[in-house]
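To start, the structure itself, in structure tokens.
None of the figures in this text is laboratory data; all of them are computed from the coordinates on show. From a predicted model like this one, the values you see are computed outputs, not experimental measurements. Backbone-built Cβ (ideal geometry, glycine too); neighbour counts: all protein chains shown.
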Amino acid sequence: MRARAILGGLLDLVAPPACAACDAPLAPGGEGLCAPCGALVERADGAPRAAFLYGGPLADAVRRFKYGGRSELAPVLARMARPAVLELAGRVDVVVSVPLHPRRERARGYDQTALLARAWARALAVPCRARALGRVRDTPPQASLDVGARDANVRAAFRVLASLPPRVLLVDDVRTTGATLAACGEALLAAGVVEVHPFVLARVEG
């Protein structure tokens, strides 16, 4: 434990921690958001299950992570959401992520949702099967479509590629209308999964 603390201190000297939303420097040992940004973040309660409400500095951090090539923000955002994830401890057998199409993953360089899924699986002490669900159609981004077109865009776009245990935690980064999670959930249930528990880093209200 002491060796880990020493290593963390050395890393802080080499690469001082910075706010995930605005890159303001954080105090040694700090992580996540600076005090001004953190004060504007709203935690989410109730259903659909999410760690935060999407908006303000949290949305800025997610956009950097998702579109700005900032894959190093994955462990930071995952740790911020850890308390909400741990509410599902003992209720799921495996973690599965909403997949990117391979072409889009190659262009981005990583699958941001799979990075979150792996971190949350470790927190829950269950396996992560990030590749168990595949996207069989390269659909346009949901954010580029109006609400009415989103259901049709992702209908039959996902397929289960491996056998899974009965209780699945289905992870995505942001929930807007819920169409993507619903389509993935349908595919999982059709493949024999008994319980699908959706969980997202942040959800859009309204």
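Once backbone amide H atoms are built at 1.01 Å from N, H197 has V168, L169, L170 as its partners under 5 Å, excluding neighbours fewer than 5 places away on the same chain.
Summarise the long-distance tail of P(r) for segment 11-203 by giving the % of C-alpha pairs beyond 32 Å. Percentage above 32 Å: 13. Couplings for segment 178-193, taken from phi via the Karplus curve 6.51 cos²θ - 1.76 cosθ + 1.60 with θ = phi - 60°, read x, 5, 5, 4, 5, 5, 5, x, 4, 5, 5, 5, 5, 8, x, 5 Hz in order; Gly and Pro are left as x.
Other residues lying with their Cβ under 14 Å from the Cβ of A123 contribute a combined charge of +4, Lys and Arg counting +1, Asp and Glu -1.
Each Lys and Arg adds +1 at its Cβ and each Asp and Glu adds -1 at its Cβ; summed about the Cα centre, segment 11-203 shows a dipole of about 540 debye. If you wrap segment 42-108 in the convex hull of its Cα atoms and look at it from every side, the mean projected area works out to 5.5 nm².
Summing Lys and Arg as +1 and Asp and Glu as -1 over all other residues whose Cβ lies under 14 Å from the Cβ of V94 gives a net charge of +4.
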